[in-house]
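Participant: Sending over a structure as structure tokens; questions will come in a sec.
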Amino acid sequence: MATAELAGKHLVLGMTGGIACYKIAELTRLLTKAGATVQVVMTEAATQFITPVTMQALSGRPVYTSQWDARVPNNMAHIDLSREADAIVIAPASTDFLAKLAHGMADDLLSTLCVARDCPLLVVPAMNRQMWQNPATQRNVTQLRADGIDVLGPDSGPQACGEVGDGRMLEAAATYEAIASFFSPKILSGRRVLLTAGPTFEPLDPVRGITNRSSGKMGFALARAAQQAGAEVHLVAGPVALETPWGVFREDVQTAQHMHDAVMRSVADADIFIGVAAVADWRVDHASEHKIKKTAERALPTFTFVENPDILAAVAKLPHPPFAVGFAAESGDLEVHGEEKRVRKNVPLLIGNLGPLTFGLDDNEVIMFEAGGATKLPRADKQTLARALIVEIAKRLPDTSLIR
Ligand code: CTP
């Protein structure tokens, strides 16, 4: 998860009435853990769902609920609370509050604070699907966007009322990512990034197959970092158990051939291709249609393998390739194999994992191979490393890729 963007940031977290208030407890914890200062302001309705005491304990600051709070020396809470803020985040944002914002109403502390702000405003809607789809709500949301307010979500799925549809609040982690994304420098703005991540799965029969230990964490971290840097991101993922990073378009595939086909369908639009997936080099020539059974003679099964397409090399071979980046996991002699692999695949940049194979771990140390030589990046958690790599990739982009 991103943390650097939020360290030292001062946020006013405005809570309005809705069952999604429970998610704000976790969101506050994530924000404060990342080093942000969180000033909670609650509407009267929000206090019906979660107590100010809980929010005070989690944010480590007094919570404000009233315009007439005597703790503010000049009695101008609506001005003072937002003056040092880098942003106001309204989460959950109720139907009623969106309507108030759209019309510039100021009849309680939180709405007055929003009208009197001199910082960006982000809203995270949470409501029943009918309330979200109501033409009045949709009109208000269009107006908020036109006023330069960021609307994060909503999500789709089961709702507290038992109905299913659009309107539920983003999960706490996704809200956190969206806020981090808001503060990230947009060094990839206007660029399209295509990535592969995770392992592939090559079937032997309907129940068995060959895969590898790639967790997909590095590829997902890069997808998240690219999205936060302002890129439009398309992630082609092998079978992994990871949440899709907020704002990223994800396409799930199983085999190397599927991954190859998915990449080839989309690569013409990409400015950057990052091949992080641990693609199986071989597949069984003819996977059995039926489960392979033990025979009475106990004969061992034999398989004939054929080579899978090399996705990275195929992308690099295109007449107008995107800026293509490869990854290499080696069990030894990385310094030799890394540069050799970069040249063989004909890519400008190849990232090698230093040290022991790091499948599934959260930390990594990498070395960048390119024509000018090799450069190490300091050991860090995968998200920090991903952010550093996105900065390095952005620095190396030819300007012409903007007009591909
Ligand atoms: N790669 C790919 N398609 C393949 C094999 C690898 O796109 N069929 C990409 C990986 O996503 C990675 C890079 O090529 O970016 C290097 O992968 P790696 O498995 O280390 O290289 P191989 O070419 O498979 O070489 P070897 O296994 O012999 O080391």
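Participant: Do we have any residue at all in the range 167-181 that's over 22 Å from THR244 (Cβ atoms) and of a type outside the set (Asp, Glu)?
Facilitator: Step one: of the range 167-181, the residues over 22 Å from THR244 (Cβ atoms) are none.
No; the residues of the range 167-181 include none that is over 22 Å from THR244 (Cβ atoms) and of a type outside the set (Asp, Glu).
Participant: Scan (1) over 19 Å from LYS9 (Cβ atoms); (2) within 22 Å of the chain's Cα centre (by Cα) for the single condition ALA34 breaks and write down its number.
Facilitator: Here ALA34 clears every test but (1).
Participant: Can you pull out the residues in the range 261-284 that are assigned to a loop (DSSP other than H, G, I, E, B) and away from the ligand (no atom under 16 Å from the Cβ)?
Facilitator: ASP271
Participant: Tell me the residue from ASP80, ASP150 that is crowded, with 17+ Cβ neighbours inside 10 Å, free of Cβ contacts under 8 Å to residues at least 40 places away in the same chain, farther than 23 Å from GLN48 by Cβ and assigned by TED's automatic domain parsing to the domain that holds ALA45, please.
Facilitator: Working: ASP80 fails: crowded, with 17+ Cβ neighbours inside 10 Å.
So the residue among ASP80, ASP150 that is crowded, with 17+ Cβ neighbours inside 10 Å, free of Cβ contacts under 8 Å to residues at least 40 places away in the same chain, farther than 23 Å from GLN48 by Cβ and assigned by TED's automatic domain parsing to the domain that holds ALA45 is ASP150.
Participant: Filter the range 24-68 for residues that are closer than 18 Å to VAL124 by Cα, in a loop (DSSP other than H, G, I, E, B) and among the hydroxyl-bearing types (Ser, Thr, Tyr) and give the result.
Facilitator: THR43
Participant: May I ask you to list the residues in the range 218-232 that are in contact with a Leu (Cβ under 7 Å, 6 or more places away or on another chain) and either part of a strand (DSSP E or B) or not hydrophobic (A, V, I, L, M, F, W, C) (or both)?
Facilitator: Those that are in contact with a Leu (Cβ under 7 Å, 6 or more places away or on another chain) and either part of a strand (DSSP E or B) or not hydrophobic (A, V, I, L, M, F, W, C) (or both): GLY219, GLY230.
Participant: Right, another one. Under the condition of being in contact with a helix residue (DSSP H, G or I) (Cβ under 8 Å, 6 or more places away or on another chain) and in contact (Cβ under 8 Å) with a residue 40 or more places away in the chain, which residue from the range 101-110 is farthest from MET42 (Cα to Cα)?
Facilitator: Per the stated criteria, the residue is ALA102.
Participant: Could you grab the pairs with beta carbons closer than 8 Å, sequence gap of 6+ or different chains, first residue in the range 178-197 and aromatic (Phe, Trp, Tyr), second one surrounded by fewer than 24 Cβ atoms within 10 Å (Cβ to Cβ) and at pLDDT 95 or above?
Facilitator: PHE182/ALA87; PHE182/PRO120; PHE182/LEU122; PHE183/LYS9; PHE183/ASP86; PHE183/ALA87
Participant: Name the single residue that is modelled with the lowest pLDDT among those in the range 2-20 being touching a helix residue (DSSP H, G or I) at 6+ places or on another chain (Cβ under 6 Å) and surrounded by fewer than 24 Cβ atoms within 10 Å (Cβ to Cβ). Quick ask: steps written out before the conclusion?
Facilitator: Of the residues in the range 2-20, the ones touching a helix residue (DSSP H, G or I) at 6+ places or on another chain (Cβ under 6 Å) are 2, 5-6, 12, 14-17.
Subset that is surrounded by fewer than 24 Cβ atoms within 10 Å (Cβ to Cβ): 2, 5, 17.
Details: ALA2: 49, GLU5: 84, GLY17: 97.
Ranking the candidates gives ALA2 first.
Participant: Step by step: first the residues of the range 294-333, then only those that are modelled with pLDDT under 95 and within 8 Å of the ligand (Cβ to nearest atom), then the one that is farthest from ASP399 (Cα to Cα). Which residue is that?
Facilitator: GLU330
Participant: Considering only the range 338-352, how many residues are within 11 Å of the ligand (Cβ to nearest atom) and either hydroxyl-bearing (Ser, Thr, Tyr) or surrounded by 17 or more Cβ atoms within 10 Å (Cβ to Cβ) (or both)?
Facilitator: Residues meeting the conditions: 9.
Participant: For residues that are exposed (fewer than 10 other Cβ atoms within 10 Å of the Cβ) and among the polar types (S, T, N, Q), scanning just the range 269-312, find the one that is farthest from the chain's Cα centre (by Cα).
Facilitator: Among residues in the range 269-312 that are exposed (fewer than 10 other Cβ atoms within 10 Å of the Cβ) and among the polar types (S, T, N, Q), the one farthest from the chain's Cα centre (by Cα) is THR295.
Participant: If you don't mind, another one. Which residues, taken from the range 192-237, are basic (Lys, Arg) and within 16 Å of the ligand (Cβ to nearest atom)? Full working, then the answer.
Facilitator: Start the filter on the range 192-237 by keeping residues that are basic (Lys, Arg), which leaves 192, 208, 213, 217, 224.
Result: ARG213, LYS217.
Participant: Shifting gears a bit: What number of residues in the range 96-121 are farther than 20 Å from GLN138 by Cβ and over 32 Å from the mean Cα position of the chain (by Cα)?
Facilitator: 5
Participant: On the basis of being free of Cβ contacts under 8 Å to residues at least 40 places away in the same chain and hydroxyl-bearing (Ser, Thr, Tyr), does THR37 make the cut?
Facilitator: Details: free of Cβ contacts under 8 Å to residues at least 40 places away in the same chain: yes; hydroxyl-bearing (Ser, Thr, Tyr): yes.
Criteria met by THR37.
Participant: In this structure, is VAL366 under 19 Å from MET218 (Cα atoms), within 13 Å of the ligand (Cβ to nearest atom) and free of Cβ contacts under 8 Å to residues at least 24 places away in the same chain?
Facilitator: Details: under 19 Å from MET218 (Cα atoms): yes; within 13 Å of the ligand (Cβ to nearest atom): yes; free of Cβ contacts under 8 Å to residues at least 24 places away in the same chain: yes.
Considered against the rule, which asks whether it is under 19 Å from MET218 (Cα atoms), within 13 Å of the ligand (Cβ to nearest atom) and free of Cβ contacts under 8 Å to residues at least 24 places away in the same chain, VAL366 comes out as yes.
Participant: Here is a follow-up. Filter the range 238-259 for residues that are of a type outside the set (Asp, Glu) and more than 16 Å from the ligand (Cβ to nearest atom) and give the result.
Facilitator: As a first pass, look at the range 238-259 and keep what is of a type outside the set (Asp, Glu): 238-242, 244-250, 253-259.
Within the range 238-259, ALA241, LEU242, THR244, PRO245, TRP246, GLY247, VAL248, PHE249, ARG250 meet the criteria.
The values are calculated or read from the model by the stated rules, or taken from the named source; none is laboratory data. For clarity, every value in this text was computed on a predicted model and none was experimentally measured. All Cβ positions, even for glycine, are placed from backbone atoms using ideal geometry, and neighbour counts span all protein chains on display.
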